[in-house]
Amino acid sequence: MQNNIAKFRKDKGLSQQELADAIAVSRKTISTVETGRFIPSVIIALKIATHFELSVEQLFTLDDND
Amino acid sequence: MSKQDIKTEEKFMSHNAWFSIFMGVTLLIISVYPMLKQTSAPLLFIGGTAFLGSFFMFVIRGGFTWKLGYRLTYKDEFLNTIDTIAYKHVVLGLLFSMGAIFLLSDELALNVSHSMMATFYLALMCLIYGVSILWQSRD
């Protein structure tokens, strides 16, 4: 699974900590989701999408291995 | 869950990982050195003192842990996941080390006490837990 969270976060001028605070998760959660080492739950995916006012599909995309 | 709780959990996990590594190294010294040198009393005293010192430093400096209360799991999803995986690493490491010792060292049992082996296994568990947490939570 790939995601565009880092791109949207930087576009909004947010740091990882600021995004983490906004959706009430740890900074490590944001860091590892962005690098693809941690696949978040639907709840976190929806929280991030809601924060950026996007759909989950715009943030996360499946790749060939999924 | 408040922002402060999450930051406290994050800080607690980081401290916990380093404490586990420090405790693991201390226990490893206590268990392995006497096996090699056939002596135990002085090192056991130094190791025990170092361990107790580090433990109380951890409790005093980590006073924030009282805010958390006692919980079996972390509330933050990522921290809870890596904590669970770290325990799996601990179990696997323990199984492999016990298997290796079972297969390779029949004569070891003649020279080493049960308490030393128990300390050795505990050291391995602490080291694996601490290293696993640090490795999984890298940026």
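The values are calculated or read from the model by the stated rules, or taken from the named source; none is laboratory data. Small disclaimer: the values here were computed from a predicted structure and weren't measured. Don't worry about glycine lacking a Cβ; one is built from the backbone with ideal geometry, like all the others, and counts go over all protein chains shown.
Things worth noting here:
- Any chance B:Glu77 is at pLDDT below 95 and within 24 Å of A:Arg37 (Cβ to Cβ): yes
- Just so you know, in the range B:83-131 the residues that are within 14 Å of chain A (Cβ to nearest Cβ) and in contact (Cβ under 8 Å) with a residue 40 or more places away in the chain include one that is surrounded by the most Cβ atoms within 10 Å (Cβ to Cβ), and it is B:Ala86.
- Restricting attention to the range A:26-58, the residues that are within 23 Å of B:Lys75 (Cβ to Cβ), part of a loop (DSSP other than H, G, I, E, B) and more than 9 Å from chain B (Cβ to nearest Cβ) total 1.
- Single unsatisfied condition, B:Ser14 versus (1) more than 21 Å from A:Ser41 (Cβ to Cβ); (2) surrounded by fewer than 18 Cβ atoms within 10 Å (Cβ to Cβ); (3) modelled with pLDDT under 75: (3)
- Test result for A:Ile44, surrounded by fewer than 19 Cβ atoms within 10 Å (Cβ to Cβ) and of a type in the set (Val, Ile, Thr): no
- Residue check: A:Ile23 meets all listed conditions (1) within 14 Å of chain B (Cβ to nearest Cβ); (2) over 24 Å from B:Asp5 (Cα atoms) but one, namely (2).
- In the range B:85-120, of all residues being hydroxyl-bearing (Ser, Thr, Tyr) and at pLDDT 90 or above, the one that is nearest to A:Thr29 (Cα to Cα) corresponds to B:Tyr87.
- Test: residue in the range B:84-95 that is among the aliphatic types (A, V, I, L, M) and within 14 Å of B:Pro34 (Cα to Cα): no
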